[in-house]
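Student: The structure that follows is given in the form of structure tokens.
The values are calculated or read from the model by the stated rules, or taken from the named source; none is laboratory data. Computed from a predicted model, the values in this text were never measured in an experiment. So basically every Cβ, Gly included, is an ideal-geometry build from the backbone, and we count neighbours across all protein chains shown.
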Amino acid sequence: MKDKILKILREENQVVSGEQLSAELGVSRVSVWKHIRKLQGAGYHILSNSKGYQLVASHDAPFPWEFPDRSPNLHYFPQTSSTMDIARELARNGCPHFTVVASERQVKGRGRLQRAWHSSEGGLYFTVVLRPRIPPALSFKVNFCASLVLTDLLRRLYSVPATVKWPNDILVGNRKICGMLSEMEAESDAVAFVNIGIGLNVNNDPSAEEPRAVSLKTLLGRQVYRKDILKQFLDEFEHRINTRLHEDVIQEWKTLTSTLNQPVRIVTIRDVSEGLAVDIDETGALVLQLADGSLKKIIYGDCFYQDNQ
Ligand code: BTN
């Protein structure tokens, strides 16, 4: 019902009487009023007086009613431990492909290599459960696809010069705007689910905890509607995953990366390697040229640019 009320208020863009809303929606005026109160409570600025209701400003959060086509499979929480935990639970219990878990705050947000992910209010934190019909060895494509789609979207929608840093951080200049984490479970030779968790700095200010992080708000000098970014990302990501997962993902990813030809330091759980990043192979591994000229392939790790990051 909230989605329908918002649709009418947005289309009319002026005061709409309770009578009109109740007639169009086929519910009582009291029921309309109760839903309006809930929207106001959720942070929507809706004027209400004897003439009716007028939407002045929406909240920017990804509330499920802002995604009418997705709402059965979009779970929103004001606070969670981590959207990865909820998504894993849902996935193990058989939730459908492309289930989304989003949260306003995470008290135990997780980063790669067992780091914590500070999740200050105003950021966009979500995990997508995917069930691609692929062998586990190809699941890396899903991660590359996610960072490719989001980097491209940040460039197109907000004109920020975003680049991907291997394996799937998104930077603007040398500052990190987005981190991604993936978790996969397999059943015999097939992927049971791949969960992609994304933390995007939108209207939060991450610089206190992470001096080398930046948010869209800081870059643009204005607030951005998180629901709009999420909507666009989910549509484009879903389309790409369902239609073109295998096609040129790595090639296209390479056109958006700032990692190639960089002197880098790669930290894995086991060791640290330094060298020049010369390629990403067809399995998503980073090819490093070491000081003695030999090549080393690294499947997973944290990448630091020697110059600045
Ligand atoms: C990294 O850069 O180390 C990865 C960060 C991933 C953060 C996101 S926020 C949503 C999802 N939930 C988590 O606990 N982590 C991921």
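Conditions tested, residue by residue: (1) under 30 Å from LYS7 (Cα atoms); (2) in contact (Cβ under 8 Å) with a residue 60 or more places away in the chain; (3) within 16 Å of the ligand (Cβ to nearest atom).
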site	(1), (2), (3)
PRO62	yes, yes, yes
PHE67	yes, yes, no
ASN73	yes, no, no
HIS118	no, yes, yes
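Student: Where in the range 135-246 are there strands (runs of 3 or more DSSP E), lying fully within it, with 1 or more residues that are out of contact with any Phe, Trp or Tyr (no Cβ under 7 Å at 6 or more places or on another chain) and more than 16 Å from the ligand (Cβ to nearest atom)?
Tutor: Result: 175-187, 190-200.
Student: Related question: Pairs only if they're at least six apart or on different chains, beta carbon under 8 angstrom, first in the range 185-214 and under 22 Å from PRO96 (Cα atoms) and touching a residue at least 60 places away in the same chain (Cβ under 8 Å), second more than 16 Å from the ligand (Cβ to nearest atom) and among the acidic types (Asp, Glu); list them, first residue then second.
Tutor: Taking only residues 6 or more apart or on different chains, the pairs are VAL191/GLU185; ALA192/GLU185; PHE193/GLU185.
Student: Let me ask something else about it. Please verify whether the range 39-55 includes one or more residues that are touching a residue at least 40 places away in the same chain (Cβ under 8 Å) and out of contact with any helix residue (DSSP H, G or I) (no Cβ under 6 Å at 6 or more places or on another chain).
Tutor: Yes, the range 39-55 has at least one match.
Student: Can we say GLY109 is under 30 Å from LEU39 (Cα atoms) and under 13 Å from the mean Cα position of the chain (by Cα)?
Tutor: When the stated conditions are applied, GLY109 does not pass them.
Student: Also, I was wondering about something else. Considering every residue within the range 118-132, establish whether at least one is part of a loop (DSSP other than H, G, I, E, B), surrounded by fewer than 17 Cβ atoms within 10 Å (Cβ to Cβ), touching a Lys or Arg at 6+ places or on another chain (Cβ under 7 Å) and modelled with pLDDT under 95.
Tutor: yes
Student: Look at the range 87-116 and say how many of its residues are in a strand (DSSP E or B), within 22 Å of GLU238 (Cβ to Cβ) and more than 9 Å from the ligand (Cβ to nearest atom).
Tutor: Final tally of qualifying residues: 2.
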